[in-house]
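The values are calculated or read from the model by the stated rules, or taken from the named source; none is laboratory data. Keep in mind it's a predicted model, so treat the numbers as computed, not measured. Please note: Cβ atoms are built from the backbone with ideal geometry, for glycine as well, and neighbour counts cover all protein chains shown.
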Amino acid sequence: MIRKCLAALAVPAVLAGCAIHQRVEPVAKIELKQICVVENPRVRATFLAAYQRALEGMGFVVQVLPENAALSACPLVSNYIARWQWDLALYMAYAEFKVFHDGNQVGGAFYNAQSSGANPSKFINAEQKVKELVDQMFPERGS
C-alpha cells in the first residue's frame with residue numbers, strides 16, 4: 001500500500017519537471033505605427049520572418065536593424081532570442097522578446113520548453129507560438 005502511495009506521489013513530481021513555462025508582460029497602448037527589430041544572426045532567419053509577419057499582422061511597419069543597433073535607435077524597438085533542441089524531432093525550445101520605448105523596456109514575452117522532458121506539448125508550430133506571444137504582448141492592437 002505504501003508503495004502505491006509513493007508511486008502516486010512520484011508521478012506528479014516527475015511530470016512537474018516536464019513543464020513548459022510562458023510569461024508575457026503586455027505593452028501598454030502605443031500609438032506608434034513603426035517598430036524596429038534588432039536582428040539576431042544567431043537565430044534562424046525563419047524566426048525573424050515569423051516575428052516580422054506577426055508584428056505586421058498587428059498593424060506595425062517593421063524595420064529590421066543590424067545586430068549592433070542601439071535599443072534607442074527608434075522610438076519603439078524590439079529584440080529577440082530563440083533556441084531549438086532535438087528530441088526525436090527539432091522543436092523550438094526557447095524564445096524571448098523584449099520591447100523598448102525610448103530605450104526603456106515596456107514589455108516582453110518568454111517561452112521556455114528547454115526542460116520539458118517527455119512532455120509532447122513541446123512539439124509546437126513555432127510560427128503560431130510567435131504569433132500567440134505577439135498577440136499577447138500587444139493586446140491593445142488586437143484585430
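Odds and ends about this structure:
- Some residue of segment 112-135 being in a strand (DSSP E or B) and either buried (at least 17 other Cβ atoms within 10 Å of the Cβ) or modelled with pLDDT under 90 (or both): yes
- If you go through segment 41-75 and pick out every residue that is in a loop (DSSP other than H, G, I, E, B) and either at positive phi or crowded, with 16+ Cβ neighbours inside 10 Å (or both), you end up with 7.
- Criterion (in contact with a Ser or Thr (Cβ under 7 Å, 6 or more places away or on another chain) and either modelled with pLDDT under 95 or surrounded by 13 or more Cβ atoms within 10 Å (Cβ to Cβ) (or both)) met by exactly one of Val37, Val11: Val37
- Subset of segment 81-90 that is out of contact with any helix residue (DSSP H, G or I) (no Cβ under 6 Å at 6 or more places or on another chain) and outside any loop (DSSP other than H, G, I, E, B) - its residue that is nearest to Pro26 (Cα to Cα): Ile81
- Condition met for Pro66 (out of contact with any Cys (no Cβ under 6 Å at 6 or more places or on another chain) and at pLDDT 90 or above): yes
- Cβ-Cβ under 7 Å pairs, at least 6 apart or on other chains, segment 91-107 side over 14 Å from Val37 (Cα atoms), far side assigned to a strand (DSSP E or B) and of a type in the set (Lys, Arg): Ala93/Arg83; Tyr94/Arg83
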